Structure formats: structure tokens, C-alpha cells
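The values are calculated or read from the model by the stated rules, or taken from the named source; none is laboratory data. Nothing here was measured: the structure is a model prediction, and the numbers come from that model. For neighbour counting, all protein chains shown are included, and Cβ atoms are generated from backbone atoms with ideal geometry for every residue, glycine included.
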Amino acid sequence: MSQPILKEIANEVLKTKGKYGIDQTKSQSQLEKEAINRVLDKYDPNSTLRRKYIGLDNTQQSLEFGDLFNTYIKDGKETSRTRELILHSDDMSNYRNE
């Protein structure tokens with residue numbers, strides 16, 4: 001199953017591959033990072049959730065959040081746990097598969 005937020009990121013990154021309308025003073029890597037951040041900013045404008053997951057370096061945290069990118073069907077639409085967390089950050093119960 002595909003993940004909608006990853007499709008959006010991929011489409012933004014693809015837009016950086018052209019020759020016109022692209023900032024030629026920046027490296028391809030910089031352009032791609034900016035494209036990814038634009039999508040993430042759309043869903044997490046204050047970086048609240050992204051700050052939470054920085055440094056997932058211990059085993060317990062890794063196990064707890066290891067399924068963030070699993071996809072499932074909710075209300076007849078495909079989604080991912082990450083997308084649900086971002087869209088409903090005030091309600092962590094959305095983290096659990098229903």
C-alpha cells in the first residue's frame with residue numbers, strides 16, 4: 001500500500017529536478033530537503049511532532065514508534081499512522097489501529 005504523505009513528498013522532490021524555476025545556487029540535496037520540509041510544514045507547521053521524534057535512539061522508543069509508517073484503511077481511505085498523528089496531534093488515540 002502507498003502512503004499519501006510520501007507520495008506528496010516524492011512529487012515535491014521531483015519538482016526540484018527541472019532546469020527552469022529552480023534556484024541554481026543551491027545543491028540538489030538542499031533543494032530536496034527544502035521540498036520535503038515544505039510538505040512536512042503543511043502537516044506540522046510548528047514542528048511540534050517532528051521535535052518529538054528526533055533522537056529515537058533507544059530500543060524502547062524505537063519499538064514504540066516503529067510502526068509509524070504502516071498503512072491501513074480508515075473511514076474507507078488509505079492512511080498511515082504518521083499522517084493520522086500529524087492530522088490529529090491533539091488526540092493520541094489515533095495512533096492505535098482501530
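For residue 36, indicate whether it is surrounded by 11 or more Cβ atoms within 10 Å (Cβ to Cβ), touching a residue at least 12 places away in the same chain (Cβ under 8 Å) and touching a strand residue (DSSP E or B) at 6+ places or on another chain (Cβ under 8 Å). So residue 36 fails the test. If you go through the stretch 2-40 and pick out every residue that is in contact with an Asp or Glu (Cβ under 9 Å, 6 or more places away or on another chain) and of a type in the set (A, V, I, L, M), you end up with 5.
Every residue, every condition in (1) at pLDDT 65 or above; (2) outside any strand (DSSP E or B); (3) at positive phi; (4) touching a helix residue (DSSP H, G or I) at 6+ places or on another chain (Cβ under 7 Å), yes or no:
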| site | (1), (2), (3), (4) |
| --- | --- |
| 35 | yes, yes, no, yes |
| 40 | yes, yes, no, yes |
| 55 | no, yes, yes, no |
| 62 | no, yes, no, no |
| 68 | yes, yes, no, yes |
| 85 | yes, yes, no, yes |
| 97 | no, yes, no, no |
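Can you name every residue in the stretch 1-33 that is surrounded by 14 or more Cβ atoms within 10 Å (Cβ to Cβ), acidic (Asp, Glu) and over 30 Å from residue 76 (Cα atoms)? The one that is surrounded by 14 or more Cβ atoms within 10 Å (Cβ to Cβ), acidic (Asp, Glu) and over 30 Å from residue 76 (Cα atoms): 32.
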